[in-house]
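What follows is one structure encoded as structure tokens, with my remarks underneath.
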Amino acid sequence: MTSLSRALALRLSVLGVALFGTGVAAVLAFTFITEEPGSLRNKVTSAAIRQAIRVSVSKSVEIEKIAALVDIERMSPKLWYLASDGDTVVEYASSLRPHLPIDIRLDGPTIQAQMSLGRGVGSAVSFDVVEINSKRVVIATSGGTPGWAMILGHYLGAIAVPALMTSLVFGIVIAAAIAMSVSFIGATLRRAAKAAASIDPKSPRGLLPTQETPAELMPLTKALNSALDQIAATMDLQRRFMNNVAHELRTPLSVIRSKIEGVDDAKTRVALRADVHRLTTIVSSMLQLARLHNDVLPFEPVYLNRLARGALADMAPLLVARGINVAFEEQGDTIRRIDANDATVRAAVANLVDNAVMHAQAKSTILVRVVDNVNLEVVDDGIGIASTDREEVTEPFSRPSPQSGGAGLGLTIVRDIMTAHGGRMSISDTPGGGTTVRLFFTDNSGQHEPKP
């Protein structure tokens, strides 16, 4: 995953290095273009002489033959220079030095000057007045021809400290700009993410804010809002279609059910009843899903144990007819209440029990257990559901095997009911064989009934 701050920092850093390099190159180019080559060479020669000057114990001026000065002397046949503190004069190639028509006062300010004596190449003379160990020393030189590498090194060294300081200030400004930019962009994205998180999944209309959105993010925001509007419109169309189909099928199914009873062949009549029952189950399940997705469920404090007992009582005739034994248990807190929709939770319990009955073995026992009045378990000893199929069986019209009865919507309805309640459903194996489905509700009410 790409980090916005890292990418921005990298690009700005590369830009900063490029600008810094360009600035240094521009300064050097300006220096080399505007200054006469002889003056440039004299400045470098004078700097080498200045580095070589030493003040002895007797306070006299001496010049040490350092490597840079020796190299200049070797490359400069017309080089001459002198250094004087007013008492001591140190000269090199005095025979090449012209007459100096100027008197430099050592009590004056520290200066550096260039002047020409005569015309032609080599006529430029460099004068420096510098302070070395509290002594003011005059340096005069001309005719030095240091190489361009030495000249470039001198000027790079001269601008190193200002360049480093500029780089430091520039780096601080860049870091502050990155932090502010990323913070602003991050705050904008967090507001958009918060708005996106608040969109109702049942009606995902385009509600991302556009008032304070930066112009750079506006195309993305508008595209997302348009996509959300299209998704919401498609969902509405599908819901209306499912609801209308389910309603339209109920009447023909009722007519078919009544006409089946007039069929003379008992075997055919039983087969037709089974087929119509399956169609009726599918239609009822589709209606449940349509209502679950379209309606806003009213919640109220309910007792999960009482609700489960009521759902089992409603299913008693079916259970007796199928010869299925159902046990009901309560564990832990029995007076806690949860915020839930009574009708849909009853439907969830009924779907789980009906699913268990459908896959039950002969003389099976189904256990419905309520734990602490916030969790519900339906345990069967049927054929079980493979671990690789447990996620798939919660999808619409999915069944564990082709031989399974039912519409393949029961677990889908239970999953969506739990999602609407902010809870969850889990599927696991029953020890000894079978399936255990657990419903985990959230205890939001915090209400308890006083003990008698």
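What follows draws every value from the coordinates through simple rules; no lab data is involved. Everything numeric here is computed off the predicted structure, so don't read it as measured data. Heads up, the Cβs are rebuilt from the backbone with ideal geometry, glycines too, and the neighbour counts pull from every protein chain shown.
Rank by packing, highest mean first: peptides 219-231, 72-84, with packing defined as the count of other Cβ atoms within 10 Å averaged across residues.
Per-residue mean Cβ counts within 10 Å order the peptides as 72-84, 219-231.
Distance in nm between label sites at A175 and S198, each 7 Å beyond Cα in the beta-carbon direction?
Simple spin-label model gives 3.7 nm for this pair.
Classify the stretch 294-391 from the C-alpha gyration tensor, please: rounded if a/c falls under 1.5, else prolate or oblate depending on whether a/b exceeds b/c.
Verdict is prolate for the stretch 294-391.
In whole Hz, what ³J(HN,Hα) sequence does the stretch 171-176 give by Karplus (6.51, -1.76, 1.60; θ = phi - 60°), x for Gly and Pro?
After applying 6.51 cos²θ - 1.76 cosθ + 1.60, I find x, 5, 4, 4, 4, 5 Hz.
Which aspartates and glutamates have a Cα lying under 17 Å from the Cα of K222, excluding residues fewer than 8 positions away in the same chain?
In chain and number order, the partners are E212.
Sorting check: for 65-71, 305-311, 40-46, which peptide has the highest mean count of neighbouring beta carbons within 10 Å, and how do the rest follow?
In decreasing order of mean packing, 65-71, 305-311, 40-46 become 40-46, 305-311, 65-71.
Counting only residues 5 or more places away or on other chains, whose amide H sits under 5 Å from the amide H of G384 once H atoms are built in the peptide plane?
Placed amide hydrogens put G434, T435 under 5 Å from G384.
How large is ³J(HN,Hα), in whole Hz, for each residue of the stretch 368-377 in order, when computed from phi with the Karplus curve 6.51 cos²θ - 1.76 cosθ + 1.60 and θ = phi - 60°, using x for Gly and Pro?
So the Karplus estimates, Gly and Pro as x, are 10, 10, 10, 10, 6, 6, 10, 10, 10, 10 Hz.
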